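Every number here is computed from the coordinates shown, using simple stated rules; none is lab data. These numbers come from a predicted model, not from an experiment. As a convention, Cβ positions derive from the backbone with ideal geometry for all residues, glycine included, and neighbour counts pool all protein chains shown.
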Amino acid sequence: MYDILIIGAGICGTFIARDLSRYELKVALLDREDDIACGATMANSAIVHSGHDPEPGTLKARFNLEGSRMYEEICRQLGTVFRRCGAFVASASDEEDAVLDQLFARAQKRAIPSRILSRSEALQDEPHLADGVRRVLDLPTTAIITPWEIAIALAEEAVLNQTELLLSHTVTAIQKEQNGFLVTAQTGDGRQRMLRSRFVVDAAGVYADRIYAMAASDVPFAITPKRGEYYVIDREEHPLVSRVIYPVPSAKGKGVLAVPTIHGNLLIGPSSDPIEDKEDVGTTPWGLDYVQQQISKTVRDIPFHKVIRSFAGLRPSGSTHDFIVEEARDVPGLFLAAAIESPGLTAAPAISHYITEELIGSRIDLRPKKEYTKRQPPTPFHQLSPAQKNEWIRKNPVYGHMVCRCEHITEGEILEAIHRPVGARTIKGVKKRCRPGMGRCQGGFCEPLVAEILCRETDVTMEELFYMQDNVQKDIPGERRDNR
Amino acid sequence: MKKRDLVIIGGGSAGMAAAIAARKKGIQDILILERGSETGGILLQCIHNGFGLHTFGEELSGPSYAERFSDQIRDLGIEVETDALVLHMDSERKIIYTSPRSGFVTLDARCVVLAMGCRERPRGAIGIPGTRPAGIWTAGAAQRYVNLDGFLPGRRVFILGSGDIGLIMARRMTLEGAQVLGVAELMPYSNGLSRNLKQCLEDFHIPLYLSHTVTDIRGHHRVSSITISEVDDNRRPIAGTEKAFDVDTLLLSVGLLPENTLSEEAGIELHPRTRGPVVDQFLQTTVPGVFACGNVLHVHDLVDFVTAEGYMAGESAAHYLTAGLPQRASVPVTAGEGLSYVLPQRIHPDALPDTLTLSCRVLAPQRNVLLAVEKDGKLIKSVRRPVMLPAEMEKITLKKTEIEGVRESLRLRILPQSVCASPDTAK
């Protein structure tokens, strides 16, 4: 019997798990995927928004503002990257100028550092603003992060403090019992597991409504996946933009942005298409065309010939047009972190704090653990001086073996990513944790090396690693291969 | 800081040939930096035959071809550091590399030969729509899995792009027991050598869909299906022409890109078409003392030509180190009508060799044409070509006497055969 079972190991679920792990509670964090952060947390704009945008009186406004003030300290504690790069909101018409003024007034009211700059002032900092840009709202507190890095770090810290991590667990039923819930989950190897928990947290992203429906006869909200497509542009010696460039927001949302990433790439997107299929993370020609066409309104000279990747993410957009963060009205003991679309990443720490301290805290006695283990960040090998690097390599030659030639990732860093708590078990898992394959060759050279290391270190076969069991004929007639 | 006379970046076919040639010209202090665990480069995974017809007059497998050079490297006592990745090079030829044996090393090279080869264009660079499951590989990555790791990465396979590696992998996967359902090619003609089309597709009854591209990929963890569509003259998919294939694997053979990150860091001028360094007749780049050869310079179809280019770069490097070479090549060599590029891009008119060989590629297939050379705007030579294909590199050799006195430019172009203005000098 768990005290709390959290469904969904995205940014909300991992924040909640980590925050709960400070207390004397038996907590499990469950996800249907085989790693942390496989949904919207993996595919978003990676921005800590300052909080200038959401409508007054909404949960979005409240948690965005609170969350944006929490991140820097959280990242410092977790040892994850955080860079306050700032942002411009760029207006290009009379109507947009009017909205810009409203946003400025809103930002001022919320005590968010901000000012309006003329075109010529703005061009001094961002020379690639499009010709049509007339004025900008400068938001210097806007920051960029690596969302999945934070989610993984949070999961690590939660696991270090006795949270149970149940990956490859798909919830199939939830039954209300006398003093809690009986949750049925199907595991990756086809087994059924029955999990009992006093409380359940629904942080299941685009599936939050389905999870709710398992526990209640009536679901007062619906989650529509909103697909956002992005381009990733190769690192360049002189980045095109140094801060986030937003267009003036419209009814459709924040619009198509240009975002510098922590690792020096440029992210362009997202589109915003409501779709029905909760699984469809496919990119589309029209979605990507829309991105190209929209970004030209705010930024010029984007080197689309240097695109190294495009991707799509599904934002869980709620029918109530606001976050749903509450104890379910007709299902006591079920806590909701639902419809966490933009600015959900920014809001996540504040949502977690609210759910943990106020909602759960009002139902259960939160006794802090006597001993709490902090996460040790991975070796910052990249940041070492040449002399220090040599010292490392002498002690451990795997740090001299470059596996990823685009991003300069060593075997030592990959081994660390595998053997840490909540270590990588998949090619994508390694990529998320230390970046081999994120560069311009997209894994063409390093993937076989990473696969070899994973097979050796985690005792899996290449077939397992590449999901060849699922829908691939297992054996070739008359042939037996040794794939190790 | 350690000083070296000649550092060769890359120990594949180009780099090994350069090292051998330089040693034979008397250069003693040579270091090859190879990122793999042995020399040979991509040849090591090319276990099919067909290598060496020009160089050795026999058909060798890739590893056998490489071995002949690796043996020479060893016999000549040329120093090779393996598992060594060059991280940075600047315009003063300062090189930073790392290896498990030496750690982080900074070197001062008097002369450098770039021989880093090329990489394959990934899916992201061509923007195929759809999801991002496992089971999508470049043909070269799949080749490595099959030939070096003994792992057959798919059972039902479709291939996008009819480049040579794609064609060779169609045959290879078939021989290993996989079913290859087809090859789609965006262009109305194949991008592979004719012999590969015959030996790798036709002989195995694998259909080739010309003027088609992949327009969707489905699958959550692993590819479950792909869709191809016919494309119009502007290479845009035509609605209503979709064909779906249930496959677990999509291989991509959609182009090779010379690996010039280091060259860019060193401030070397790159050519927009070849995407390799701009070089003179000595294969010297725009940074003095830095030479380039093989696929880092321009993508080749035959390793024999890579070897020849490597020899030339090695000899030039030796000249540079012993006697010096002229700087600032002044006469441009340009690609005219019908050609995508010509190499070298510049020549020194005062230091012409006895013969000058120019390499070029056509933009589109041509039949019964003349490959013509203009010197300062005047036609000086043309050779008849019954067929010219983008997939097949063309060469034309000029005698010193033919180009002596050139001032403004040399220009190569394609002419219809009827416009034969000078005596035909077809080889």
Query raised in the report: Convex hull over the alpha-carbon atoms of the protein assembly as shown: what's its volume per residue in Å³?
Result: 184 Å³
**Report entry** Net charge of Cβ neighbours under 12 Å - reference residue B:140; Lys, Arg +1; Asp, Glu -1
**Finding:** +1
Report task. Using just the alpha carbons, could you tell me how many Å³ per residue the convex hull of segment A:198-332 encloses? Result -> 136 Å³
Query raised in the report: Which of the lysines could a cross-linker span from residue A:431 if the Cα-Cα distance has to be under 28 Å and same-chain partners fewer than 8 positions apart are dropped?
Result: A:226, A:278, A:306, A:374, A:389, A:395, A:474
Report summary line: Projected onto the charge dipole of the protein assembly as shown (unit charges on the beta-carbon of Lys, Arg, Asp and Glu, signs +1, +1, -1, -1), the Cα from A:253, B:338, B:88 with the largest positive-side position is that of B:88
Query raised in the report: What whole-number value in cubic angstrom gives the convex hull volume per residue for the C-alpha atoms of chain B?
Result: 150 Å³
Query raised in the report: Which log10 I(q)/I(0) values, to two decimals, does segment A:395-441 give at q = 0.15, 0.17, 0.29 Å⁻¹ under the Debye formula with one point per Cα?
Result: -0.34, -0.43, -1.05
Report task. At q = 0.19 Å⁻¹, what is the base-10 log of I(q)/I(0) for segment B:66-185 according to the Debye formula with one equal point scatterer per Cα and no solvent? Please give it to two decimals. Result -> -1.06
**Report entry** Stokes-Einstein translational diffusion, segment B:142-246 - Kirkwood Rh over all Cα pairs, 1.567 mPa s, 4 °C, in µm²/s
**Finding:** 92 µm²/s
Requested in this report: Choose one answer from B:239, B:318, B:14: the residue with the largest mean-square fluctuation in a GNM of chain B with alpha-carbon springs under 10 Å.
Outcome: B:239
Report summary line: For chain B, the count of lysine pairs 8 or more apart or interchain whose alpha-carbon atoms are under 15 Å apart comes to 10
Report summary line: Expressed in angstrom and ordered largest first, the alpha-carbon extents of segment B:335-416 along the principal axes are 36, 20, 19
Report summary line: Filtered hits (lysines, Cα-Cα < 24 Å from residue A:369, offset >= 8 within chain) -> A:26
Query raised in the report: When the Cα centres of segment B:1-69 and segment B:238-283 are compared, how far apart do they sit, in Å?
Result: 23 Å
**Report entry** Amide proton proximity set for residue A:309, modelled H, under 5 Å, gap of 5+
**Finding:** A:232
Query raised in the report: Separation of segment A:121-137 and segment A:53-74 by C-alpha centroid, Å?
Result: 27 Å
Query raised in the report: In a shell of Cβ-Cβ distance under 13 Å around residue B:243, excluding residue B:243 itself, what net charge do Lys and Arg (+1) and Asp and Glu (-1) give?
Result: -4
**Report entry** Of all DSSP beta bridges in the protein assembly as shown, antiparallel share, percent nearest 5
**Finding:** 65 percent
Query raised in the report: Looking at the P(r) of chain A, how many percent of alpha-carbon pairs lie beyond 43 Å?
Result: 16 percent
Query - FRET E, pair residue B:74, residue B:203, Förster distance 51 Å, beta-carbon r, rounded to 0.05 - result: 0.85
Report task. Using +1 at the Cβ of each Lys and Arg and -1 at the Cβ of each Asp and Glu in segment A:291-424, identify which of A:376, A:404, A:312 lies farthest towards the dipole's positive end. Result -> A:404
Query raised in the report: What residues have an amide H closer than 5 Å to that of residue B:151, excluding those fewer than 5 places away on the same chain, when H is modeled at 1.01 Å from N in the peptide plane?
Result: B:146
Query raised in the report: In debye to the nearest 20, how big a dipole does chain A give about its Cα centre with +1 on each Lys and Arg Cβ and -1 on each Asp and Glu Cβ?
Result: 960 debye
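Quick one: net charge around residue A:214, please, counting Lys, Arg +1 and Asp, Glu -1 for every other residue with C-beta under 14 Å from its C-beta.
Charge balance near residue A:214 sits at -2.
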